[in-house]
Amino acid sequence: MAQSGADFYACYQETHNPDLFSQLRTGQSFSQRLAVKQKAAGLNLLIEEGILCGVGETSEDILDSFDAIKLLNVDQTRVMGFVPQMGTPMENHPIADIKMELIIMAVLRLLFPDRLIPASLDVEGVSGLEKRLEAGANVVTSIVPAGNGLAGVAQNSLDIEDSKRTVAQVEKILLSCGDYEIARPEIYKSWINQRKKEKLNFLNPSQNLKVI
């Protein structure tokens, strides 16, 4: 991936409690999922880590996730509330409390002031965008253009076919929400390049030593 020009490796642990992980991701390895992110970081890929809330986690579990995210030195981190899906073992599990999602997002912003934190349109659609920006998000994700046969994940059709989850519509919302500056692609790419440089220096501190 890195050699092909990829910038990000996104792989969400969703919880850093191994027991809860085994209930959510049956048959998957907690340690292996964590290790692939560490390996990707070693290849100078930027890393995105995520928390899934509303799935039976405790306050201590959330704190453990904060510690794990810090230790991984992620570049983008997110929290998303659980949305039950028909035909799955958790279809009758209650939908996550959005307030808790926003609180976790706000704490992530305080802990990681210079990182990217997404406001996903895949939970509440465009109606939930402003509250997530106010909580600390600085990236909008799950933009899905209409008429292409594409779908969301947690909400596979919400706001898609009426063209609300498009770049143009999101820009309108951002401009109406307050004093937000929309980062153009060149600004975003500049941030990516700078972040990669910082991480490379962090991983190879000897390169920064001067010979006297």
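Going by the conditions given, is Ile173 more than 20 Å from Gln76 (Cα to Cα) and touching a Leu at 6+ places or on another chain (Cβ under 6 Å)?
Numbers: more than 20 Å from Gln76 (Cα to Cα): yes; touching a Leu at 6+ places or on another chain (Cβ under 6 Å): yes.
Judged against the criteria, Ile173 is a match.
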If I go through segment 174-194 residue by residue, how many of them are over 20 Å from Leu121 (Cα atoms) and among the acidic types (Asp, Glu)? 2
Extreme residue, farthest from Leu200 (Cα to Cα), among residues of segment 49-71 that are of a type outside the set (Val, Ile, Thr) and touching a strand residue (DSSP E or B) at 6+ places or on another chain (Cβ under 6 Å): Gly54
Residues that are free of Cβ contacts under 8 Å to residues at least 60 places away in the same chain, touching a helix residue (DSSP H, G or I) at 6+ places or on another chain (Cβ under 9 Å) and not aromatic (Phe, Trp, Tyr), drawn from segment 62-83: Ile62, Ser65, Ala68, Ile69, Lys70, Leu72, Val74, Thr77, Val79, Gly81
Out of (1) among the hydrophobic types (A, V, I, L, M, F, W, C); (2) touching a helix residue (DSSP H, G or I) at 6+ places or on another chain (Cβ under 7 Å); (3) within 25 Å of Ile47 (Cα to Cα), the odd one out for Met100 is which? (2)
Restricting segment 129-152 to residues that are more than 14 Å from the chain's Cα centre (by Cα) and either over 22 Å from Leu175 (Cβ atoms) or hydroxyl-bearing (Ser, Thr, Tyr) (or both), the one surrounded by the fewest Cβ atoms within 10 Å (Cβ to Cβ) turns out to be Gly149
Members of segment 133-163 found to be free of Cβ contacts under 8 Å to residues at least 60 places away in the same chain and hydrophobic (A, V, I, L, M, F, W, C), listed by number: Leu133, Ala135, Ala137, Val140, Ile143, Val144, Ala146, Leu150, Ala151, Val153, Leu158, Ile160
Within the bounds of segment 84-97, is there any residue that is more than 21 Å from Val153 (Cα to Cα), touching a residue at least 40 places away in the same chain (Cβ under 8 Å) and of a type outside the set (Asp, Glu)? no
Please indicate, with yes or no, whether at least one residue in segment 164-180 is without any contact (Cβ under 8 Å) to a residue 60 or more places away in the chain, in a loop (DSSP other than H, G, I, E, B), closer than 23 Å to Leu46 by Cα and outside the structural domain of Cys53 (by TED's automatic domain parsing). no
Of the residues Val139, Val107, Val153, only one is closer than 19 Å to Leu52 by Cβ, of a type in the set (Val, Ile, Thr) and touching a Pro at 6+ places or on another chain (Cβ under 7 Å); which? Val139
I'm trying to understand the selection: among the residues of segment 1-51, which are of a type in the set (Asp, Glu) and at positive phi? Glu14
Condition first: touching an Asp or Glu at 6+ places or on another chain (Cβ under 7 Å), under 16 Å from Asp75 (Cα atoms) and either at pLDDT 90 or above or in a loop (DSSP other than H, G, I, E, B) (or both). Can you find one or more residues in segment 124-145 that meet it? no
For segment 114-132, enumerate the residues that are free of Cβ contacts under 8 Å to residues at least 40 places away in the same chain and either over 17 Å from Met100 (Cβ atoms) or of a type in the set (Ser, Thr, Tyr) (or both). Asp114, Ser127
Which residues, counting only those in segment 36-64, are touching an Asp or Glu at 6+ places or on another chain (Cβ under 8 Å) and not β-branched (Val, Ile, Thr)? Lys37, Leu45, Leu46, Glu48, Gly50, Leu52, Cys53, Gly54
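The values are calculated or read from the model by the stated rules, or taken from the named source; none is laboratory data. Predicted, not measured: the structure shown is a model, and the values here were computed from it. No Cβ is skipped: glycine too gets one built from the backbone with ideal geometry, and neighbour counts run over all protein chains shown.
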